[in-house]
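Remarks on the structure that follows.
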Amino acid sequence: MIRVLIVDDSLFIRTILRDLLKDSPDIEVVGTAVNGIDALEKISDLKPDVVTLDIEMPRMNGLEVLAALQKASAKPKVIVLSTLTSRQADMTHRALRLGADDFMLKPRDVPNVRGVEKELVQKIRNLVALPTIVKPTVTRRNEANIIVLIGSSAGGPPMLDTLLSALPPDLPAAVVVTQHMPEGFTASLAERLNRVSALPVKETGSGDSLKTGAVLISKAGFHTVISGVAAGDGRNHGRIIHSTAPHLHAVRPAVDKTFASAARVFGPRTVSVILSGMGNDGGEGMLAVKTAGGKTMVCAEEDCLVYGMARSALTRNCVDQVVPLRNIAREIARAVGQLEVNDV
């Protein structure tokens with residue numbers, strides 16, 4: 001059993017989280033705490049494996065709890081729960097720097113609550129199950145000739161844990177992940193994923209070049225557009241351009257923007273994947289990848305919290321493979337390896 005302690009000054013959140021976790025046969029909520037002082041006492045007494053931690057609490061806040069836990073000889077894994085404000089985005093990033101292991105947005109009301117159940121359970125299981133990654137020493141990364149594109153939204157972050165942690169450290173392609181997320185939180189997502197991936201992960205910066213064996217997370221608030229740069233080998237290499245063009249599908253970054261622009265630059269040297277997500281974003285972009293001769297795959301429905309984005313691609317008849325989450329990293333590596341061998 002995975003022992004969980006819930007820490008939040010809101011009775012509503014404590015009750016909801018306990019209810020969300022009670023039906024998971026491998027998770028036991030061993031207690032709740034109402035502030036940081038209460039939390040530290042119960043962590044010492046109850047020895048939880050995982051703590052869900054509110055940031056802003058009376059008497060002692062979540063950042064102070066994390067600072068205190070740094071001195072502990074044995075400490076639980078910590079998931080920080082954040083609300084949707086720029087102040088909380090900054091505090092979430094600080095929390096990860098202080099040793100928090102993961103984060104997720106706190107449900108704001110009852111209609112939004114049930115949608116986070118699967119994501120929270122996955123995050124808890126991932127913290128216990130994912131191995132510690134030792135990154136290989138790489139002195140130089142070349143301009144990428146092959147690009148892997150991953151698009152996701154609701155339910156995506158814990159799936160990205162599973163996928164990126166399984167990618168080989170010598171993957172001969174650049175990886176660009178476009179995850180729908182509020183502004184201010186993609187830097188924290190990149191930092192979190194950098195801990196579980198053998199490949200280096202960072203948030204995009206406008207002008208970033210696409211390098212083999214490196215992962216870029218699309219910065220929230222901008223569309224990530226892939227621009228071509230002529231290279232000596234007669235091919236185009238890629239650069240990241242941040243675009244403030246209007247929202248598409250009510251989001252920015254939009255997966256369609258990233259996929260379609262990458263397909264124009266990399267053509268058949270493009271591998272695209274859609275994970276969990278609500279709405280239609282990604283379907284047109286995956287069609288553009290398929291039309292350009294690239295490889296397309298979506299995650300199997302049973303592994304997704306929401307299947308709207310994957311279905312938008314499936315209805316366009318542009319999907320080569322429907323793949324269980326546990327196998328997607330292997331299929332990406334296989335597709336990239338075939339492109340490298342064939343030198344498309």
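In the chain, what percentage of the DSSP-assigned beta bridges are antiparallel, given to the nearest 5? Here the antiparallel bridges make up roughly 20 percent for the chain.
A simple count of charges around SER153, restricted to other residues whose Cβ falls under 13 Å of its Cβ and scoring Lys, Arg +1 and Asp, Glu -1, yields -1. Overall shape: prolate for the chain, with the ratio a/c of the largest to smallest alpha carbon gyration tensor axis at 1.5 or above and a/b above b/c.
Shape call for region 1-129 from the C-alpha gyration tensor, a ≥ b ≥ c root eigenvalues: rounded (a/c under 1.5), prolate (a/b greater than b/c) or oblate?
Working: a/c = 1.41, a/b = 1.09, b/c = 1.30.
It is rounded, given that a/c, with a ≥ b ≥ c, falls under 1.5.
Loop-located GluC sites (Glu not before Pro) in region 176-284 (DSSP state other than H, G, I, E, B) with a sparse environment of at most 14 neighbouring Cβ atoms within 10 Å: GLU183. So the label point goes 7 Å from the Cα of LYS47 along Cα→C-beta, right? Which residues of region 53-75 then have their backbone N under 14 Å from it? Residues 73-75 qualify, since their backbone N sits under 14 Å from the label point. Extension gain, ALA300-LEU130: 0.36 nm per intervening residue step, less the Cα-Cα distance, totals 59.1 nm.
Take every Cα pair under 8 Å in region 147-342 that's 6+ residues apart, average their separations, divide by the length, and report that relative contact order as a whole percent. Each step should come with its number before you reach the end.
Numbers: 478 pairs, mean separation 43.8, N = 196.
In percent, rounded to a whole number, it is 22.
Want the number for ALA74 to ARG141: 0.36 nm per residue separation, take away the alpha-carbon distance, what's left? Could you put the intermediate results ahead of the total?
Details: separation 67, 0.36 × 67 = 24.12 nm, distance 3.69 nm.
Taking ALA74 through ARG141 to full extension adds about 20.4 nm, to one decimal.
Modelled this way, with points 7 Å down the Cα-to-C-beta line, the labels at MET278 and VAL229 are 3.8 nm from one another.
Counting pairs of alpha carbon atoms under 8 Å apart in space and at least six apart in sequence, what relative contact order in percent does the chain give? Could the numbers behind the result be given before it?
Details: 777 pairs, mean separation 43.6, N = 344.
Rounded, it is 13 percent for the chain.
Take every Cα pair under 8 Å whose residues are at least 6 apart in sequence, average their separation, divide by the length of region 2-129, and the relative contact order is 23 percent.
Dipole magnitude of the chain about its Cα centre, charges +1 at Lys/Arg Cβ and -1 at Asp/Glu Cβ only, in debye to the nearest 20? Don't skip to the end; give the middle numbers.
Values: 40 positive and 37 negative charges, 127 e Å.
So the dipole magnitude of the chain works out to roughly 600 debye.
Comparing MET297, LEU314, HIS247 along the charge dipole axis of region 246-322, the residue lying farthest to the positive side is HIS247, per the Cβ-charge model.
Just so you know, all these numbers are worked out from the coordinates, no wet-lab data involved. Bear in mind the structure is a predicted one, so any value in this text is a computation, not a measurement. Neighbour counts are summed over all protein chains in view; Cβ atoms, including those assigned to glycine, are modelled from backbone coordinates with ideal geometry.
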